[in-house]
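In what follows, a structure is listed as structure tokens, so that the remarks can point back to it.
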Amino acid sequence: VLALNGKIIEVGEKILASNGKEVDFASALESCEEAGGTLATPTNEEENKAILGIVKQYNRYAYLGIKEGETSGQFTYMNGIPLNYTNWHPREPNGKGTEKCVEMYTDGRWNDKRCNLYRLTICEF
């Protein structure tokens, strides 16, 4: 079970929380789902800033609930719906099918990344 010792932030209709743990993408997603949520997924600038607040608190990059779909370079929400908001770092995404997950840098920008690296877990409910 996800112990929410970290900060809990409310943004719009969402509640964001982190356990401060760094794990691979599948483990992060699993711990969020076991707690009844999913990985934090910014759908607008306000949500992106709220997630960034947690990223900055831990000073760690975090996975977002966004994955590369069947088409190389096309990223979607976990439910397969195309993104309606993005905040890519300049010249990203650039993995061309090899980097299927998305991380948030400590400046709030996004980067496509391999899914087996250890990143901060931030969930949304």
| The listed residue being modelled with pLDDT under 95 and open to solvent by less than 30 Å² (accessible area, probe 1.4 Å), out of L16, L2 | L2
| request: Return the only residue of E46, E22 being in a helix (DSSP H, G or I) and charged (D, E, K, R). | output: E46
| said: Condition first: assigned to a loop (DSSP other than H, G, I, E, B) and farther than 18 Å from F25 by Cα. Now tell me which residues in region 75-105 satisfy that. | reply: I81, L83, N84, Y85, T86, N87, H89, P90, R91, E92, N94, K96
| message | Here are the criteria: (1) part of a strand (DSSP E or B); (2) in contact (Cβ under 8 Å) with a residue 40 or more places away in the chain; (3) open to solvent by 20 Å² or more (accessible area, probe 1.4 Å). Tell me which single one C123 does not satisfy. | response | (3)
| request: Please identify the pairs in which a residue from region 58-74 that is more than 14 Å from S18 (Cα to Cα) and assigned to a loop (DSSP other than H, G, I, E, B) has its Cβ atom under 7 Å from the Cβ atom of a residue that is open to solvent by less than 90 Å² (accessible area, probe 1.4 Å) and acidic (D, E), counting only partners at least 6 apart or on another chain. | output: Q74/E68
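For (1) acidic (D, E); (2) more than 21 Å from K100 (Cα to Cα); (3) touching a Leu at 6+ places or on another chain (Cβ under 9 Å), each residue gets a yes or a no:
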site	(1), (2), (3)
L16	no, yes, no
N19	no, yes, yes
E22	yes, no, yes
L29	no, no, yes
C32	no, no, yes
A35	no, yes, yes
Q57	no, yes, no
R60	no, no, yes
K67	no, no, no
| field | Single match in E22, E47, E70, E33 (criterion: out of contact with any helix residue (DSSP H, G or I) (no Cβ under 6 Å at 6 or more places or on another chain), at pLDDT 95 or above and under 20 Å from K113 (Cα atoms)) | value | E22
| message | Against the conditions (1) farther than 21 Å from I54 by Cβ; (2) free of Cβ contacts under 8 Å to residues at least 24 places away in the same chain; (3) open to solvent by 30 Å² or more (accessible area, probe 1.4 Å), where does P93 fall short? Just the number, please. | response | (2)
| request: Among the residues of region 74-98, write down those that are on the phi > 0 side of the Ramachandran plot and under 17 Å from the mean Cα position of the chain (by Cα). | output: G80
| remark: Among the residues of region 15-60, the number that are under 12 Å from the mean Cα position of the chain (by Cα) and aromatic (F, W, Y) is 1
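The values are calculated or read from the model by the stated rules, or taken from the named source; none is laboratory data. In this text the structure is predicted, and so the values were computed from the model without any measurement. In this analysis, Cβ positions are derived from the backbone assuming ideal geometry, glycine residues included, and neighbour counts consider all displayed protein chains. The accessibility values were calculated without ligands, DNA or RNA, using every heavy atom of the protein model including side chains. Shrake-Rupley method; radii C 1.70, N 1.55, O 1.52, S 1.80 Å.
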